[in-house]
1. State whether the residues of region 50-66 include one that is within 30 Å of Arg148 (Cβ to Cβ) and of a type in the set (Val, Ile, Thr).
2. If the Cβ limit is 8 Å and pairs must be 6+ apart or interchain, which residue in region 163-189 that is within 22 Å of Val125 (Cα to Cα) pairs with which residue that is modelled with pLDDT of 95 or more and among the polar types (S, T, N, Q)?
3. How many residues, within region 100-115, are closer than 18 Å to Pro76 by Cα and part of a strand (DSSP E or B)?
4. Within region 43-60, which residues are under 17 Å from Ile257 (Cα atoms) and in contact (Cβ under 8 Å) with a residue 40 or more places away in the chain?
5. Working carefully through the options Gly167, Gly133, find the one that is of a type outside the set (A, V, I, L, M), modelled with pLDDT of 95 or more and touching a strand residue (DSSP E or B) at 6+ places or on another chain (Cβ under 7 Å).
6. Among the residues of region 4-28, which ones are loosely packed, with under 11 Cβ neighbours inside 10 Å and of a type in the set (Gly, Ala, Ser)?
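The values are calculated or read from the model by the stated rules, or taken from the named source; none is laboratory data. Only a predicted model underlies this, so the values are computations on that prediction, with no experimental measurement involved. Note: ideal-geometry Cβ built from the backbone for every residue, glycine included; neighbour counts use all protein chains shown. Each accessible area value is taken on the protein alone, full model and side chains, heavy atoms only, with ligands, DNA and RNA left out. Shrake-Rupley method; radii C 1.70, N 1.55, O 1.52, S 1.80 Å.
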Amino acid sequence: MFDSTVERLFADLASPAAVLACEDGHWPQAMWTAVEESGFPVALAPEALGGAGARWTDVCGVIRLAGRFNLPLPLPEAILANWLLGAAGLAPAAGAVTVAGAGSLRLRDGVVSGEALDVPWGDAVPLVVAVTGGAEPAVVLLPTGAARRRDGANVAAESRAALVFEGVAPVAQAPLPAGWPADVLLLGGAMVRAAQIAGALEGVLALATTYAGERVQFGKPIGSFQAIQHQVAVLAEHAAAAVMAAEAAFAAADTRIVRLQAIAAKICASEAAGIGASVAHAVHGAIGFTHEHSLHLSTRRLWSWRSEFGSASAWSQRLGRAVCAAGSQGFWPGVTDGRFDTLQEQRA
């Protein structure tokens, strides 16, 4: 039900022309208002706090569709932010909200200082959710307008800002739930980016197969040539692998995000992103690189998202350290009962 509703919504709102129009830094307020009215940003917040009480597995398809339609909004980040606020007993954010997965924030004497790095849409949204460091991590909801800002963008022209806070009082705060890792937003961000990548790969697969059936060379559609068929098959294989890895991570995240599955999903999706974008452009040839064709809207996001909230190399190194620390006797238990989660938290 979620998927069919959001697919119709995104098809109406996020046309290629509408996505391109946002690349000049324009915040699509009407688009955000329509998404906010749908209720998806607060889907994972508890019903008692004003949310829908949904589970991660319920919104996997929604986030994949956000990737497939190249939605120029922080909907996945808002879902993650409001989920963490709800888990900490705080009400969902009022309006647009994003997350800070990296940085060096500290909460002391009721105010927050430090830097939040690579904040998605940090120059446009009024609120950001972060987890402070130190011996007692806290979930904090901060006003972005109170920070000094260094604006930037990824390859897809999506805003990525650095926010510097100096003695800023949070809009809301609460202790991080007991036993939860301080890098929960980095893990959550990796998981939602994996789902977005999976959706974008499904989109470029559809574009590639359609083009291969329509483009005629030597009197035949290029899709009839074995070399093109092989390339499309490779793209389909990696798209399917990314979808399955993302779905497995979302299914495992019942009451909390499971580190091993989230890491595996991001590694798989990041590897698939590079291969999938390369194959899609090879099938399209020169036309796929033109500004007028919609392929670049997805492939530029694939190239950007594969590195955000941790690259495949970074997560592979952390996973490798956990496996080595577990030793030969701990490898299988680490895979089956999640002990790698604990080991990685200790090393992070």
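1. no
2. Leu163/Thr144; Phe165/Ser113; Glu166/Ser113; Gly167/Ser113; Val168/Ser113
3. Within region 100-115, residues that are closer than 18 Å to Pro76 by Cα and part of a strand (DSSP E or B) number 1.
4. Once the filter is applied, which keeps residues that are under 17 Å from Ile257 (Cα atoms) and in contact (Cβ under 8 Å) with a residue 40 or more places away in the chain, region 43-60 yields Ala43, Leu44, Ala45, Pro46, Ala54, Arg55, Trp56, Thr57, Asp58, Val59, Cys60.
5. Checking each option against the conditions leaves just Gly167.
6. Ser4, Ala17
For every residue, the table says whether it meets (1) within 30 Å of His296 (Cα to Cα); (2) of a type in the set (Phe, Trp, Tyr); (3) part of a strand (DSSP E or B).
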| position | (1), (2), (3) |
| --- | --- |
| Glu136 | no, no, no |
| Leu141 | no, no, yes |
| Gly145 | no, no, no |
| Arg149 | yes, no, yes |
| Val164 | no, no, yes |
| Pro170 | no, no, no |
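Yes/no per residue for (1) open to solvent by less than 30 Å² (accessible area, probe 1.4 Å); (2) within 24 Å of Ala100 (Cβ to Cβ):
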site	(1), (2)
Ala30	no, no
Pro46	no, yes
Thr57	no, no
Arg64	no, yes
Arg68	no, no
Pro76	yes, yes
